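Before any comments, here is the structure.
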Amino acid sequence: MTTTPQAARRASPRKRRPVTPTAPDPTVGLLPQNDPVRLLDPDGTLLPARADYPEPSVEALREMYRRMVVGRRFDAQATALTKQGRLAVYPSSRGQEACQVGGVLALRYDDWVFPTYRESMALTARGIDPVEVLTLLRGDWHCGYDPARQRTAPQCTPLATQCVHAAGLAYGESYQGRDTVALVYIGDGATSEGDFHEGVNFAAVFKAPVVYFVQNNRYAISVPLSRQTAAPSLAHKGVGYGVPSEQVDGNDPMAVLAVLTRAVAHARAGKGPFLVEAHTYRMEAHTNADDATRYRDADEVEAWRDRDPVARLETYLRGRDVLDDAAVAEIAEQAETYAARLRERMNGQPTVDPLSLFDHVYAEPTAQLVEQREQVRAELAAAAEGDA
Ligand SMILES: Cc1ncc(C[n+]2csc(CCOP(=O)(O)OP(=O)(O)O)c2C)c(N)n1
Ligand SMILES: [Mg+2]
């Protein structure tokens, strides 16, 4: 007797497999939103309010504006000091003012900052003496300020090493029952370094209160982001470690402050680290030793000039009637005085003796160090003879 497949199936119905409940998605709450958080349009217009990121107070934003204006003037002054030979090198953060200032404003005075070489503006915005901040960049062997008193680690040049330092310090603080938070500034390129991954992993496993704040300024010297990562965003790097992450428009001061405030609150509440990626742009070359025209074109730079964070916040605050021409002029005056004072004091600084670099490496210098010191001494003597 022939039968159709349908009839055969009806005659002996297959047992239904029991439905297993779907396992909870471990990425829920960890992944960043697809679009960077933005509260202010590039033209300074307020976007619709959002429940996840309430607007910071206008008082906080006005203070942010003041520190950004002073910070930008400081940055221009430091750049000029390199041209006068007062600084060996200066990595400008022009264009990144919202991140530089937002990072320190989101913190309490007793929280810790772990900066890179690019954070001179952030450190002065934190209230550290600008002459002290620029000490390392003058070529001195020490960082200039007292890290313990300023709750600020020395500016870190070896990429990403501050990520592990911060994880250790923050873990130690929480272990001793304190609720201090550590905020790590790090660049886009440095997120490819092993220390970034080790630091984030340790912080996640031990719930260390660290905010990893990536300033994605699109370049690691001449290497563009497209040659740096295949990840959908740098914020996505948090998910593999179980770290919640967010992306933010890094040239929107209001959004930067709102996102970092929430990230810091998360860490302080004992929920472990948080990763924030800010999309921003470095307007100047990597340092005064770099020629950025060799790897990026003028149109790109111009497009970012239209997203200037200082102008964006100024337009918004004027619209809210908390900033007028007189207040803008007064803040510009403060910035000028700050720069003039810095200039005067830097011009009065004694020249750093290059040989002092060798003085404090070890209590007893190694044979190799002695040899290197002698080599530098001979080179300096030959150069001095050539000058004479
Ligand atoms: C471990 C290590 N490798 C290489 C360098 C050389 N270096 C200095 S800055 C830099 C680029 C870093 O780019 P990014 O992390 O995006 O920070 P940005 O300079 O853009 O702020 C490199 C490769 C270094 N300082 N440390
Ligand atoms: Mg970069």
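The values are calculated or read from the model by the stated rules, or taken from the named source; none is laboratory data. Note that the coordinates shown come from a computational prediction; the quantities given were computed from them, not determined experimentally. Heads up, the Cβs are rebuilt from the backbone with ideal geometry, glycines too, and the neighbour counts pull from every protein chain shown.
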* Please state which one of GLY189, GLY194 is farther than 21 Å from THR287 by Cα and within 16 Å of ligand 1 (Cβ to nearest atom). => GLY194
* To do: Under 9 Å between Cβ atoms, at least 6 apart or on separate chains: pull out the pairs that start in region 353-367 with a residue that is of a type in the set (Ser, Thr, Tyr) and end on any residue that is surrounded by 12 or more Cβ atoms within 10 Å (Cβ to Cβ).
  => SER356/ASP140; SER356/TRP141; TYR362/LEU369
* To do: Inspect region 218-226 for any residue being part of a helix (DSSP H, G or I) and either more than 8 Å from ligand 1 (Cβ to nearest atom) or assigned by TED's automatic domain parsing to the domain that holds ALA289 (or both) and give the result as yes or no.
  => yes
* **Residues that are within 16 Å of ligand 1 (Cβ to nearest atom) and either outside the structural domain of ASP110 (by TED's automatic domain parsing) or of a type outside the set (Gly, Ala, Ser) (or both), drawn from region 197-217** => HIS197, GLU198, VAL200, TYR212, PHE213, VAL214, GLN215, ASN216, ASN217
* Just to be sure, is THR191 outside any strand (DSSP E or B), within 13 Å of ligand 2 (Cβ to nearest atom) and either in the same structural domain as VAL264 (by TED's automatic domain parsing) or on the phi > 0 side of the Ramachandran plot (or both)? -> yes
* **Hits in region 158-186 (condition: within 11 Å of ligand 1 (Cβ to nearest atom), small (Gly, Ala, Ser) and assigned to a helix (DSSP H, G or I))** => none
* Structure fact -> Residue hits (region 142-165; within 21 Å of PRO130 (Cα to Cα), within 16 Å of ligand 2 (Cβ to nearest atom) and in contact with an Asp or Glu (Cβ under 7 Å, 6 or more places away or on another chain)) are GLN155
* Residues of region 23-68 being hydroxyl-bearing (Ser, Thr, Tyr) and part of a helix (DSSP H, G or I), which ones? -> TYR65
* Of the residues LEU169, LEU105, LEU183, LEU123, which is at pLDDT 95 or above and out of contact with any helix residue (DSSP H, G or I) (no Cβ under 9 Å at 6 or more places or on another chain)? -> LEU169
* **Selected residue (criterion: surrounded by the fewest Cβ atoms within 10 Å (Cβ to Cβ)) from residues of region 208-237 that are farther than 20 Å from CYS99 by Cα and within 9 Å of ligand 2 (Cβ to nearest atom)** => VAL223
* Within region 141-156, identify whether any single residue is within 25 Å of VAL248 (Cα to Cα) and assigned to a helix (DSSP H, G or I), and answer yes or no. => no
* **Meets criteria (in contact with a Phe, Trp or Tyr (Cβ under 9 Å, 6 or more places away or on another chain), of a type in the set (Gly, Ala, Ser) and within 16 Å of ligand 2 (Cβ to nearest atom)) for GLY168** => no
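Listed here are the residues, each with its yes/no results for (1) in a helix (DSSP H, G or I); (2) under 18 Å from LEU260 (Cβ atoms); (3) among the polar types (S, T, N, Q).
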position	(1), (2), (3)
ASP195	yes, no, no
VAL200	yes, yes, no
ALA204	yes, no, no
TYR212	no, yes, no
* **Subset of region 308-355 (residues that are within 18 Å of GLY85 (Cβ to Cβ) and either of a type outside the set (A, V, I, L, M) or more than 30 Å from the chain's Cα centre (by Cα) (or both))** => ARG343, GLU344, ARG345, ASN347, GLY348, GLN349, PRO350, THR351, ASP353, PRO354
* Can you name the number of the only condition in (1) touching a Leu at 6+ places or on another chain (Cβ under 9 Å); (2) without any contact (Cβ under 8 Å) to a residue 60 or more places away in the chain; (3) more than 16 Å from ligand 1 (Cβ to nearest atom) that LEU134 fails? -> (2)
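With respect to GLY95, determine if the residue is in contact with a Phe, Trp or Tyr (Cβ under 8 Å, 6 or more places away or on another chain) and small (Gly, Ala, Ser).
So GLY95 fits the description; yes.
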